[in-house]
Amino acid sequence: MNRMTPQLSVLLVEDDANVRLGCEQAMQLAGIAVTSVASAEEAQKQVVAGFPGVIVTDMRLPGTDGLAFVRWARGVEAALPVIMITGHGDVTLAVEAMRSGAYDFIPKPFSPEHLVEVVQRALEKRALTLEVEVLRRRLEHREGVEAMLIGRSPQMAAVRRRVQEVAGSAVDVLIRGETGTGKELVARCLHDHGPNAKGNFVALNCGGMPETLLDSELFGHEAGAFSGAQKRRIGKIEHANGGTLFLDEVETMPMPMQIKLLRVLQERTLERLGSNQPIKVVCRVVAATKEDLAALAQKDRFRADLYYRLNVVTIDLPPLRERREDIPLLFEHFLTQAAERYQRPVPVVEPEEVHRLMAHDWPGNVRELRNAADCFALGLRQDVMVPAEVIDRGLPLAEAVERFERSLIAAELQRQGGSLARTSEALRIAKTTLHDKIRKYELKSEG
């Protein structure tokens, strides 16, 4: 996850000058920015909601004590981590502090290493909390295409540009992408921001019914057209007149039906089953496929003429594994929606869980990610299986992602016999970008 939050620091509250100095030095040596004060009253002047850091405070303080300070800080912001430093006789108070919302406590005497370890964990959690807030604000202020097609990756920026370029016309569109990448969402986006937005958006899964029913479903029928046809029925294509017809899994459409669809697309007229009366239909047709229709056409498994008729404008949707930087934003969006739907508070996603989300391959793509968000919202924090070498509790997120990227490139290089060109094509990145990454990760290729 790219950090979008300000540089975090520690506010140390300690009245003992020697202990204060020792804690300051330990954190400074670890590269942690720290500001120290001698009382809770001084600290309260610096703490506001959204405070960019964490608090480390002694339990025993002059004036307002540590326990009262924890409660006060929780009132300012419930998610602000406060770490308590406690003496030998303060175990009961430490437990009370944890119940009051303290992040952790450190009993005296403690080593500098232990202090730094606890503080670093708290800082990482705080960074994630603040970034989530930034993401939420971004989601709240998104409008139009950006609000529907979420993601800050170059791939999704390209998809949004493509949608904006073609949405204003009624041109037919072919959307290609793996299962779960959001093909229907893109189709809906084209409809909502196109000239036919006031018309119907009619979706049909071409693989979801037998051929005998598909014919009637698409073209409709007159009363008495076949056994059981007791009254006239308007088909999906006619219902989409003035709007958008979305044909999902178009590669599964039977050949006889492909011929009929091609005629409708060419002439923009149809005939209901049992009728010879042509009906004019004006609508945008958006077809979606997870297959390579050109390759299917070469194998005579899809009509080439229909492929070229559908392939006026193409939008390719990247799988989630190729735009990992979008995962935190998407997950937060789905998590917020799920929490509202199930009437639950939005749970905090721990840094290690973000690591796992970023490292997982998501074969089910955005749909699978949405399901995971539902589980999180319901308190069912499912374990995402990733390679063991990727997840390390002590690794910063950036390093964990880099480690995964290195393993992904190394594995693909091996599969492609070291060929830079074939690896670049398989990973769908520019050869110059791949070359830079190979050099960065000290991998070997054949050029």
Query raised in the report: Hey, rough spin-label estimate for A78 and E96, points 7 angstrom out along Cα→Cβ, what's it come to in nanometres?
Result: 2.3
Query - C-alpha long axis of helix 255-267 to longest principal axis of the chain, angle in ° - result: 90
Query raised in the report: For region 16-126, what does the alpha-carbon gyration tensor say about shape, rounded, prolate or oblate, given a ≥ b ≥ c as the root eigenvalues, a/c under 1.5 as rounded, and a/b over b/c as prolate?
Result: rounded
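Over the residues of the chain, compute the C-alpha Rg and express it relative to 2.2 N^0.38 Å.
Relative to the rule-of-thumb radius for its length, the chain sits at 1.30.
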Requested in this report: May I ask for log10 I(q)/I(0) of region 276-373 at q = 0.15 Å⁻¹, from a Debye sum over the Cα atoms as equal point scatterers with solvent left out?
Outcome: -0.79
Report task. With a point put 7 Å past each Cα toward its Cβ, work out how far V313 is from E117 in nm, to one decimal. Result -> 5.7
Report task. Quickly work out the L380-to-K431 label distance, labels modelled 7 Å from Cα along the C-beta direction, and quote it in nm with one decimal. Result -> 4.8
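Provide the per residue accessible area, probe 1.4 Å, for region 213-262, rounded to a whole number of square angstrom.
With all protein chains present, region 213-262 gives 43 Å² per residue.
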Query - Rg to Rh, two decimals, where region 45-110 supplies the alpha carbon set and Rh follows Kirkwood - result: 0.95
Report summary line: Violations at 31 Å Cα threshold for listed pairs K183/K280; K231/K299; K236/K299; K236/K290; K198/K231; K299/K440 -> K231/K299; K299/K440
Requested in this report: Calculate, in whole percent, how much of the Cα-Cα pair population of region 107-211 lies beyond 21 Å.
Outcome: 57
Query raised in the report: How high is the FRET efficiency from Q44 to Q337, r the C-beta distance, R0 41 Å, rounded to 0.05?
Result: 0.65
Query raised in the report: Expressed in nm², what is the orientationally averaged projection area of the convex hull enclosing the Cα positions of region 204-310?
Result: 6.4
Query raised in the report: When the chain is fully extended, how far beyond the present Cα-Cα distance does R321 get from E211, taking 0.36 nm per residue of separation?
Result: 36.1 nm
**Report entry** Virtual paramagnetic centre 7 Å along Cα→Cβ of T35, amide N under 20 Å, in region 93-126
**Finding:** 119-120, 122-126
Query raised in the report: Which value, in Å to one decimal place, does the Kirkwood hydrodynamic radius take for region 317-364 when every pair of different Cα atoms is included?
Result: 11.7
Query raised in the report: Looking only at chymotrypsin sites (Phe, Trp or Tyr not before Pro) in DSSP loops with at most 13 other Cβ atoms within 10 Å, what is the longest site-free stretch of the chain?
Result: 1-225
Requested in this report: Using R₀ = 60 Å, calculate the FRET efficiency as 1/(1 + (r/R₀)^6) where r is the Cβ-Cβ separation of V19 and A157; round to 0.05.
Outcome: 0.75
Query raised in the report: Which value, in Å² rounded to 10, gives the accessible area of M27 with a 1.4 Å probe and all protein chains present?
Result: 0
**Report entry** Protein accessible area in the chain, 1.4 Å probe - carbon and sulfur %
**Finding:** 50
Report task. With a/c under 1.5 counting as rounded, go ahead and sort region 158-197 into rounded, prolate or oblate using the C-alpha gyration tensor (a ≥ b ≥ c being the square roots of the eigenvalues; past the cut-off, prolate if a/b is larger than b/c, else oblate). Result -> prolate
Query raised in the report: Between F110 and A225, 0.36 nm times their residue separation minus their Cα-Cα distance comes to what?
Result: 32.8 nm
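The values are calculated or read from the model by the stated rules, or taken from the named source; none is laboratory data. Computed from a predicted structure; not experimentally measured. All Cβ positions, even for glycine, are placed from backbone atoms using ideal geometry, and neighbour counts span all protein chains on display. Note: areas computed on protein heavy atoms with side chains; ligands, DNA, RNA excluded. Shrake-Rupley method; radii C 1.70, N 1.55, O 1.52, S 1.80 Å.
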